[in-house]
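See structure below.
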Amino acid sequence: MNAPPQPAVTKRRPDRRFYTVMAAAIIATVFAGFAPTFYLRGMFETKPLAPLLIVHGILFTSWILLFLVQVRLVAAKRTDIHRKLGIAASLLAAVMPVVGFLAAINSAKHGFSPPHGPPPLVFLLIPLSDMVVFPILVGLGLYFRQRSDIHKRLMLLATLAILTPAIARIPFMRPFGLPAFLGTTDLFIIACLVYDRVRNGRLHPAFLWGGLFIIAMQPAKILFAGTPLWHSIATWLTR
């Protein structure tokens, strides 16, 4: 006799767990990276943080937390609330790249680069390029919002695309430098690809091409960051 088909809810349950675990891992990574300079700044720093960086931190933290909330709403079958919050998420995603762009330039002006990282003007391209990758993935995710299989994967990848700055600030990661920061981000993406392959027997195109897009951008921006053209652009942006 043929086994009865599994209910759809049973098939979806591992996905819900996976996305919840990934959202929790992202939150833990962001907190570990930014605790000394933002979340627990009063315990480590006495110098006040610039208002622009405070706004930047609030916006990006809101996105990370909202991602977890959205995942749990879908798991709880509250897609009605999920859709309403999606409007707020789309507005937030539109503002984040602008503030992120300004915050990155402000940090470069003050000579910021992660420990063992490249010079500030070279490093500047990393967060600026993230502010290009993020809205592209979010925009595609919103475009395919009626296709949940595509939508949820692109939203997860968009969130992973802005994770590198947090990884770069984790104390035990600092000695390893930029390749390790980017490589750790890639590990999150690889985890998505492995899960998809094992769970569904194939790689979903959204995970495959979206993940390759993020990974391919990494060597491209490193190479471009060392060119005289980028140095001229970065100098103009930070003067």
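The values are calculated or read from the model by the stated rules, or taken from the named source; none is laboratory data. Remember, predicted model here, so these are calculated numbers, not experimental data. Virtual Cβ from ideal backbone geometry, glycine too; neighbours counted across all protein chains shown. SASA here: full protein model, heavy atoms, side chains in, ligands and nucleic acids out. Shrake-Rupley method; radii C 1.70, N 1.55, O 1.52, S 1.80 Å.
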TODO: Tabulate in residue order the Karplus-calculated ³J(HN,Hα) for segment 42-52, using 6.51 cos²θ - 1.76 cosθ + 1.60 with θ = phi - 60°, rounded to whole Hz; enter x for Gly and Pro.
DONE: x, 8, 10, 10, 9, 6, x, 7, 4, x, 4
- [ ] Putting +1 on Lys and Arg Cβ atoms and -1 on Asp and Glu Cβ atoms, find which of Val74, Leu59, Phe144 reaches farthest to the positive end of the dipole of the chain.
- [x] Val74
Task: Ratio Rg/Rh, restricted to segment 135-236 and using Cα atoms, in which Rh is the Kirkwood radius - done: 1.04
- [ ] At 1.4 Å probe size, with every protein chain present, just tell me what the per residue accessible area of the chain comes to in Å².
- [x] 54 Å²
TODO: Enumerate the calculated ³J(HN,Hα) couplings along segment 76-92 in order (Karplus 6.51 cos²θ - 1.76 cosθ + 1.60, θ = phi - 60°), each rounded to whole Hz, writing x wherever the residue is Gly or Pro.
DONE: 8, 6, 9, 5, 5, 5, 4, 5, 5, 5, x, 5, 5, 5, 5, 5, 4
TODO: Take the Cα gyration tensor of segment 16-85, multiply each eigenvalue by 5, square-root it, and list the three semi-axes largest first, rounded to whole angstrom.
DONE: 29, 14, 7
Task: Charge context of Pro114, other residues only, Cβ under 11 angstrom, K/R +1, D/E -1 - done: +2
- [ ] Using a 1.4 angstrom probe on heavy atoms only, work out the carbon and sulfur share of the accessible area of segment 97-239 in %.
- [x] 72 percent
Open item on the list: Spelling out what I want: for every residue of segment 212-223, take phi, set θ = phi - 60°, compute 6.51 cos²θ - 1.76 cosθ + 1.60 (Karplus), and round to whole Hz; glycine and proline get x.
Closed with: 5, 4, 5, 5, 5, 5, 5, x, 4, 6, 5, 5
Task: Percentage relative contact order, segment 61-131, counting C-alpha pairs under 8 Å, at least six apart - done: 27 percent
Task: Charge dipole (debye, nearest 20) of the chain; +1 at Cβ of Lys and Arg, -1 at Cβ of Asp and Glu - done: 740 debye
Task: Value of [θ]222 nm, deg cm²/dmol, for the chain, DSSP H segments ≥ 4, -39500 (n - 2.57) each, nearest 500 - done: -26000 deg cm²/dmol
Task: Percent RCO, i.e. relative contact order, over the chain, from Cα pairs under 8 Å lying at least 6 residues apart - done: 21 percent
Task: Most to least packed among 225-233, 208-216 [average Cβ atoms within 10 Å] - done: 208-216, 225-233
Task: Dimensions (Å) - the chain, Cα atoms, principal axes, largest first - done: 72, 35, 33
Open item on the list: Set the bar at 28 Å for Cα to Cα. Now go through Lys152/Lys221; Lys109/Lys221; Lys109/Lys152 and name every pair that lies beyond it.
Closed with: Lys109/Lys152
TODO: Please label the shape of segment 21-137 as rounded, prolate or oblate, based on the square roots a ≥ b ≥ c of the eigenvalues of the alpha-carbon gyration tensor (a/c under 1.5 means rounded; beyond that, a/b larger than b/c means prolate, else oblate).
DONE: prolate
